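Only one structure is covered here, and it is reproduced in the block below.
None of the figures in this text is laboratory data; all of them are computed from the coordinates on show. Source: prediction; values computed, not measured. In this analysis, Cβ positions are derived from the backbone assuming ideal geometry, glycine residues included, and neighbour counts consider all displayed protein chains.
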Amino acid sequence: MKSMWMWYYGDFEMYHSQRVHLRRMERDVCFPAFWKLPEAYTNVMFKKNFTLEETEVFRVTAKGVGFVKVNNKKYSFDKDIELTKGEYEIIIAVSNLNGLPCAYVEGKTIVSNNTWLSDCYDYRWTPAGTNEKYSDKSDDPNVFKFSYRELIPVSVKKINGGVLYDYGEETFARLKFNKIGAGYVFYGETEQEALDTENSYTYHCLTEEDEGILKEGKAFRYVFIPESKNADVDFTAYYEYIPHTKKGEFKCSDEELTKIWEVAAHTFELNSREFYLDGIKRDRWVWSGDSYQSYFINRYLFFDEDIVRRTITCLGSKGEIKLHINTIMDYTFYWIMSIYDYYEMTGDIEFVRNIYPRVKAYMNFIMSRLDENGFASKQDNDWIFIDWADIDKEGAVCAEQMLLMRCIESYIRILNVLGEKCGEYKEKFLDLKEKVNLYFWNEEKGAFIDSFKSGKNNVSRHANIFALLFGYAAEDRRKKIIENVILNDEVEQIKTPYFKFYELEALCNVERYDEVIKRMKEYWGAMLKIGATSFWEEFDVNRPWQEQLGNYNLKYAMSLCHAWGSSPIYLIGRYILGIRPTGIGYETFEVKPVIDCFEDLEAKIPIKNGFVSIAKHNNVAEILSDRDGGTLINRGCVYQIKRNEPVILKL
């Protein structure tokens, strides 16, 4: 039987989350996350009962101190323990003040895995946490496992008295200095940033002691070594990444759209690390709203279930809840929404069961803070985000109520999956929907307003996008929203890829595919035209790009490689290629491609336990899957997709 390292359920994620959120640097200033970070427990226990049919020897190795107890007799770690035929209760106690307490058990049938129970001395035993990446005794769960590949610069030139290395595209890498003197190395996502040594966002101060040391990873395209004692510096860059066995592919006759997919995929891979990060240069933190979009993008590029579980788990707090996730109200709503979405993607009901106590705690927290109308309104220490946009946020905000409704809907679905009663929440949802339409719909404007309290009757795109996307507007109102808001250039345009995701998805839902592709090319294509090799956190197509590099009053703090910039992958995969689950865990799935968008097409998209391939050449399309359960819909005709049997369409 296979052994794996085991820890208290969720603590691997909590431990590495702390490490991620405490490492942000703004030049020479450390900037830790400004919210409560859940911690891994210092001392934990594991237990399991065994019935042995013959004598067996086993051994326990641990990261920390403690003991093994077999039927109340204690043993030391790292020593053979021999048991004869009989019944045994084995308990392992591990304490670690400086890391993650975890244990590894080697035997014939006595092995460590997620069939053991874990406890933090509150005697509420829960399944132990494990990860297949840590299945060898030599592995250390305190060290997150990355792969490395040497990078070669595409050019090296002398400039400003120093040397500038260009790696050709955005990357995340660690530098190893083979020869060094004292001085500095400056990093830049643009050449301007790397050369501006007074303002570049990230740098390393080097000493002779750094020789031969693999420095902490940084995001960059350019590395600049200014003139100093570093004149003879020699270093190697190593790309740090997580390898993926699955990868979606897309290539079509529209070269610009193909390039958008490729750059989005590169952007997303760079931000797929311990967890889904927002961006690889500035924050390098885990934000729930950012991650929520990453879960959907992931389905069409890597279909990595493990990183979704890790990210969801690390965001859910332990103990009493006093603040929203990341301090942002909407981000708590997204977190609860993500639980059911993950279940739909994977069918992993055990994860839903294990995370449910935290989901319930957050739902109780949300409900305890509603105002007299049942609306979620800002309270002390809350951040109402929605988007980087000029939204009227006085009092209850319409976009937040739309998300609250969606959150409650998701919670009802979770309760149904677990066989729990949900009648109370159905009533809350219907009451909230009625009041949102009563207080926020403005018939004169033919749209939902941001806030009724301010009296400004301001209309932004955000709440109206959610109303379309979540199905919260009646048909007559949907038509008004599309005309008065979505297709109305007088309403302020979305400037972040973050909310472009939702706007374009709303347009997909009303089958405006030509408009979606047009807008995708106008926005993401504009970034390609200025030479972007990854997609930005925010981009205004009407401003010179050189004026958009700053953020937070810092000259180069804009993230030029932001995970939420990768949404074209989801929009193309889910809507243009039309691949989506119709049953839990893709037990059944649908393929409804908008084939007429392309003269030629080659695409391969991962799904649960398989792939779907779509090809079109010379007006003949071929759809193939290595999974049963698929249905192809094209021009009103329905075809069953059988495993490894192509469906041919003559168009």
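Which chymotrypsin sites (Phe, Trp or Tyr not before Pro) does the stretch 549-609 hold that lie in a coil by DSSP with at most 11 other beta carbons within 10 Å? The qualifying sites are Tyr552. Its relative contact order, with pairs defined as Cα atoms under 8 Å and 6+ residues apart, puts the chain at 12 percent.
Each Cα pair under 8 Å and six or more residues apart adds its separation to the average, and for the stretch 147-241 the resulting relative contact order is 44 percent. Each residue of the chain gets 178 Å³ once the volume of the Cα convex hull is shared out per residue. Most tightly packed first, judged by the mean number of other beta-carbon atoms within 10 Å of their residues, the peptides 82-90, 483-491 read 483-491, 82-90. Counting beta carbons within 10 Å around each of Tyr523, Tyr123, Tyr411, Tyr75 and listing the fewest first gives the order Tyr123, Tyr75, Tyr523, Tyr411. First measure r as the distance between the Cβ atoms of Glu424 and Ser454, then evaluate 1/(1 + (r/R0)^6) with R0 = 35 Å and state the FRET efficiency to the nearest 0.05. Given R0 = 35 Å and the Cβ-Cβ separation, E is 0.65. Listing Asp210, Asp80, Asp11 from fewest to most neighbouring C-beta atoms within 10 Å gives Asp80, Asp210, Asp11.
Only Cα sites of the stretch 94-233 enter the Debye sum here, all with the same form factor; the resulting log10 I(q)/I(0) across q = 0.12, 0.13 1/Å is -0.66, -0.70, listed in q order. Per-residue ellipticity at 222 nm from helix content only, as computed over the chain with -39500 (n - 2.57) for each DSSP H run of at least four residues, stands at -9000 deg cm²/dmol. The loop-placed GluC sites (Glu not before Pro) in the stretch 309-408, going by DSSP, that have at most 14 neighbouring Cβ atoms within 10 Å of their Cβ come out as Glu320, Glu372.
Are there any trypsin sites (Lys or Arg not before Pro) in the stretch 366-447 that are in a DSSP loop and have at most 12 other Cβ atoms within 10 Å? List them by number. Passing both the DSSP loop test and the Cβ count: Lys421.
Each of Thr582, Thr496, Thr245 was scored by other Cβ atoms within 10 Å of its Cβ. Listed from fewest to most, they are Thr245, Thr582, Thr496. For the cross-link pairs Lys48/Lys74; Lys145/Lys176; Lys259/Lys479; Lys456/Lys495; Lys133/Lys360; Lys433/Lys608, the ones whose C-alpha atoms lie over 24 Å apart are Lys259/Lys479; Lys133/Lys360; Lys433/Lys608.
Structural descriptor for the stretch 274-398: relative contact order 23 percent, calculated from alpha carbon pairs under 8 angstrom and at least 6 residues apart.
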